[in-house]
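Enquirer: Let me begin by handing over the structure; questions about it come next.
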Amino acid sequence: GAAPFYFAPEIERLDRSALRRLQFERLKETLGRAYACVPHHRQAFDRAGVRPEDLSRLEDITRFPFTVKTDLRDTYPFGLFAVPREQVARLHASSGTTGRPTVVGYTADDLDSWADLIARSLACAGGRPGDVMHNALGYGLFTGGLGFHYGAERLGCTVVPMSGGQTEKQIRLICDFGATILNATPSYALNLAESAERMGVDLAAGSLRVGVFGAEPWSETMRGELDRRLGIRSIDSYGLSEVMGPGVAMECGQRNGMHAWEDHFLFEVIDPETLEPVPMGQPGELVITTLTKQALPMVRYRTRDISMITDEPCPCGRTHLRILRVTGRNDDMLIIRGVNVYPSQIEAVLLGLPGVAPHYQLILSRQGWLDHLTVEVETVSPSSEEDRVRLANQVRHHVKSTIGVSCEALVRLPGQLPRSEGKAVRVRDLRKEG
Ligand code: ADP
Ligand code: K
Ligand code: ZN
């Protein structure tokens, strides 16, 4: 293949001992800022009996307390920010465990680092200045669309800010503009491939060369399908809003795991039961500490993502460790078309509707390659067909407008939904790993 290309060659190939020294310096600074500027962190450190000065080597990170998703909710909206609101240049938000979204903020410097990390990640994925990047990730409060947008501009790409939806138009523009990089969730990319086939458009014979796919778990089988049907090399891409957004880790051309950018983040893998570190190369929950974020420093954020990491050398020359596929989560968060959804959020919507009984079921299936959500509810008292149709429309409308996902709603008569003995089984996930 072509000679390796790096966006930030010195840092991407820094030897691991220098990388660890850099991490130590930055970690010390981050812990200091978290303690000095964020009351939540100060209290948590005090409770754990640990001070930033207690960090004398990188491994001491394990003495510091974890941050979890509910900490963001409990301090909604800006309680974990370490800078005055006037210094926050941008806000993003994703779904939290209840009605309140998880709000994240960036200073101008944070946005600058983010664009650099995306530029570095896109180059790692095989992108080059001059590429045309068709960005089908959602723009708006999600970090996906805008995150990739500015980083692709920084790399020197021509960016098509398409966002989601309007599938036929997407296909036409990919062809007309000569897109070479496609950015999407893997399931939407397969949907594009299928729709193109129906339209008689052969995307595999077209201009696309690289696919950058993330936001939801996907498999090697799906990779094979995407490569073949779109005529691309499909690359796994990982990130989460709480620590930044996309650009946390990206596969290189070797496709042997995602290089995780250790100059900006510290990665740990823990046993979710004992909370103790697990050895390199063994599966566990990914825990991430930010090393450069100003607006929202994150200390030992429990991602709930199950994966493993390796520091084995990669033939591409990058020294940063690799996150092997994220295979699932250890909480009840569902990912529906790339959107994070907690059953508790849907429950809150349902219980707010008059006439709906506290019995419901969420059924997840695939229609083609796309996720399909069916919400089944029961009425409190016997009701007419007409009333049930009206209620179904309300459920659909409220789920869409408060959570942002489309669903099908089925309203049953009292007693028609299965009753469980013991713990209610609210979710039936029929999606097969394809
Ligand atoms: P994004 O828009 O990047 O998905 P969110 O904060 O909305 O950011 O969601 C982050 C979550 O999405 C992660 O914690 C993980 O569960 C999931 N996710 C992101 N990228 C991947 C990936 N490449 N493989 C599997 N899951 C992923
Ligand atoms: K996601
Ligand atoms: Zn590599």
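Enquirer: Could you list all residues from the range 174-191 that are touching a residue at least 24 places away in the same chain (Cβ under 8 Å), surrounded by fewer than 24 Cβ atoms within 10 Å (Cβ to Cβ), closer than 22 Å to G127 by Cβ and not small (G, A, S)?
Expert: Result: C175, F177, T180, L190.
Enquirer: Against the definition (farther than 24 Å from E25 by Cα and either within 16 Å of ligand 2 (Cβ to nearest atom) or open to solvent by less than 10 Å² (accessible area, probe 1.4 Å) (or both)), how does I270 come out, yes or no?
Expert: Considered against the rule, which asks whether it is farther than 24 Å from E25 by Cα and either within 16 Å of ligand 2 (Cβ to nearest atom) or open to solvent by less than 10 Å² (accessible area, probe 1.4 Å) (or both), I270 comes out as no.
Enquirer: Any idea which of (1) open to solvent by 30 Å² or more (accessible area, probe 1.4 Å); (2) under 24 Å from G164 (Cβ atoms); (3) in contact with a strand residue (DSSP E or B) (Cβ under 9 Å, 6 or more places away or on another chain) is the one L364 doesn't satisfy?
Expert: L364 satisfies all of (1) open to solvent by 30 Å² or more (accessible area, probe 1.4 Å); (2) under 24 Å from G164 (Cβ atoms); (3) in contact with a strand residue (DSSP E or B) (Cβ under 9 Å, 6 or more places away or on another chain) except (1).
Enquirer: Okay, moving on. So, V83, is that one free of Cβ contacts under 8 Å to residues at least 60 places away in the same chain and either within 16 Å of ligand 3 (Cβ to nearest atom) or in contact with a helix residue (DSSP H, G or I) (Cβ under 8 Å, 6 or more places away or on another chain) (or both) or not?
Expert: When the stated conditions are applied, V83 does not pass them.
Enquirer: Further, regarding this structure: Among the residues of the range 98-133 satisfying the criterion of being among the hydroxyl-bearing types (S, T, Y) and under 18 Å from L296 (Cβ atoms), which is nearest to ligand 1 (Cβ to nearest atom)?
Expert: Among them, the one singled out is T102.
Enquirer: Do you know which residues across the range 238-257 are under 16 Å from N183 (Cα atoms) and out of contact with any helix residue (DSSP H, G or I) (no Cβ under 9 Å at 6 or more places or on another chain)?
Expert: Of everything in the range 238-257, just one residue is under 16 Å from N183 (Cα atoms) and out of contact with any helix residue (DSSP H, G or I) (no Cβ under 9 Å at 6 or more places or on another chain), namely Y238.
Enquirer: Determine if the range 405-418 includes at least one residue that is crowded, with 17+ Cβ neighbours inside 10 Å and within 28 Å of V326 (Cβ to Cβ).
Expert: Yes - at least one qualifying residue is present in the range 405-418.
Enquirer: Go through the range 177-221 and give me each residue that's modelled with pLDDT under 95, more than 16 Å from ligand 2 (Cβ to nearest atom) and either of a type in the set (F, W, Y) or under 18 Å from T327 (Cα atoms) (or both).
Expert: The answer is S219, E220, T221.
Enquirer: Any residue that is more than 14 Å from ligand 1 (Cβ to nearest atom) and under 23 Å from M333 (Cβ atoms) - is there at least one of those in the range 183-197?
Expert: Within the range 183-197 (the criterion being more than 14 Å from ligand 1 (Cβ to nearest atom) and under 23 Å from M333 (Cβ atoms)), the answer is yes, since at least one residue qualifies.
Enquirer: Something else about it: What are the residues in the range 350-388 that are farther than 30 Å from Y188 by Cα and either in a helix (DSSP H, G or I) or charged (D, E, K, R) (or both), if any?
Expert: Selection gives L351, E378, E385, E386, D387, R388.
Enquirer: If you take the residues in the range 293-344 that are in a loop (DSSP other than H, G, I, E, B) and of a type in the set (G, A, S), which one is farthest from ligand 1 (Cβ to nearest atom)?
Expert: Taking the candidates together, the pick is G317.
Enquirer: Which condition number does G130 fail, the rest of (1) assigned to a helix (DSSP H, G or I); (2) more than 16 Å from ligand 2 (Cβ to nearest atom); (3) not basic (K, R) being met?
Expert: Evaluating G130 over (1) assigned to a helix (DSSP H, G or I); (2) more than 16 Å from ligand 2 (Cβ to nearest atom); (3) not basic (K, R) leaves (1) as the failure.
Enquirer: Can you name every residue in the range 198-222 that is within 16 Å of ligand 1 (Cβ to nearest atom), surrounded by fewer than 19 Cβ atoms within 10 Å (Cβ to Cβ) and part of a helix (DSSP H, G or I)?
Expert: Of everything in the range 198-222, those that are within 16 Å of ligand 1 (Cβ to nearest atom), surrounded by fewer than 19 Cβ atoms within 10 Å (Cβ to Cβ) and part of a helix (DSSP H, G or I) turn out to be E220, T221.
The values are calculated or read from the model by the stated rules, or taken from the named source; none is laboratory data. These numbers come from a predicted model, not from an experiment. A quick note on method: Cβ atoms are made from the backbone with ideal geometry, for glycine too, and the neighbour counts reach across all protein chains shown. For the accessible areas, the whole protein counts, side chains as well, though only heavy atoms, and no ligand, DNA or RNA atoms are used. Shrake-Rupley method; radii C 1.70, N 1.55, O 1.52, S 1.80 Å.
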